[in-house]
1. Taking the chain as a Gaussian network, Cα atoms linked when under 10 Å apart, which of V143, V47, V27 shows the biggest mean-square fluctuation?
2. Could you run the Karplus curve 6.51 cos²θ - 1.76 cosθ + 1.60 with θ = phi - 60° over region 12-26 and give me ³J(HN,Hα) per residue in whole Hz, x for Gly and Pro?
3. Near R20, within a Cβ-to-Cβ distance under 14 Å, what is the net charge of the other residues, with Lys and Arg +1 and Asp and Glu -1?
4. For region 82-138, which GluC sites (Glu not before Pro) are both in a DSSP coil and crowded by at most 15 other Cβ atoms within 10 Å?
5. Quick one: accessible area per residue over the chain, 1.4 Å probe, rounded to a whole number of Å²?
6. Taking the Cα centre of the chain as origin, work out the dipole magnitude from +1 charges on Lys and Arg Cβ and -1 charges on Asp and Glu Cβ, in debye rounded to 20.
7. State the percentage of accessible surface on region 16-128 attributable to carbon and sulfur atoms; use a 1.4 Å probe and exclude ligands, DNA and RNA.
8. For the chain, modelled as a Gaussian network with Cα springs under 10 Å, which listed residue fluctuates most, L100, L77, L144?
Amino acid sequence: MHLNLAYLTAEALLAGQPQRWAHSQRVLQQAQRLAPMLGSDGDLVIVSAILHDIGYAEPAVDTGQHMIDGARYLARLGTDAAICSLVAYHSSSAWEAEELGLADALADFRPPPPPLLDAITFCDLTSAPDGSLVEAGPRLDEVLQRYGPDHVVHRAVSAARPTLLAMAERIERRLTRFPDQPMNGSASARNP
């Protein structure tokens, strides 16, 4: 899927969720920031970034786990399997799928290469719900506060936290090797 179509798809699906759309646009900006260090996979991560949360949109809801639902929706559209994979596995998806008894549904998608999963997860974890920039630790704290201790997301994020922070740290270290890239995420997303 080309970025133009991905952007329009996400925009249409998330139109009724302005905060989720703002978050998705920031995730896109973060992916654009990372693209130079991802080489030929940069476009793959960029397209996946704008689409990563479409599983929250009513037409995509199936299992109730937004990562799997978004990937399934994209697969029905004939989207490249690598994009579906990044959407399916981003952030704490594996832990949440296990909590919900959806590990088999997640396994319908091939796990993405670790560097690409690190990248999409970093982009998600450094983008606050309102679209502002945030560090990964405070972002995870916000998620834990939003979902109470009895909620599946809280349990999954609590279990995944060390791994998620390590993923974000790996990307931060790689970014230091690309000093010409804006470290504050100031690259602006544009309607492609």
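1. Checking each option, the largest mean-square fluctuation is seen for V143.
2. Karplus-based 3J(HN,Hα) across region 12-26 equals 5, 5, 9, 4, x, 10, x, 5, 4, 5, 4, 4, 4, 5, 5 Hz.
3. Around R20, the charge tally is -4.
4. Within region 82-138, the qualifying GluC sites (Glu not before Pro) (loop, at most 15 other Cβ atoms within 10 Å) are E135.
5. 45
6. About 440 debye.
7. 51
8. L77
The values are calculated or read from the model by the stated rules, or taken from the named source; none is laboratory data. Keep in mind it's a predicted model, so treat the numbers as computed, not measured. When we count neighbours, we look across all protein chains shown, and the Cβ atoms used for this are built from the backbone with ideal geometry, even at glycine. These area figures cover heavy atoms from the full protein model, side chains too; ligands, DNA and RNA do not enter into them. Shrake-Rupley method; radii C 1.70, N 1.55, O 1.52, S 1.80 Å.
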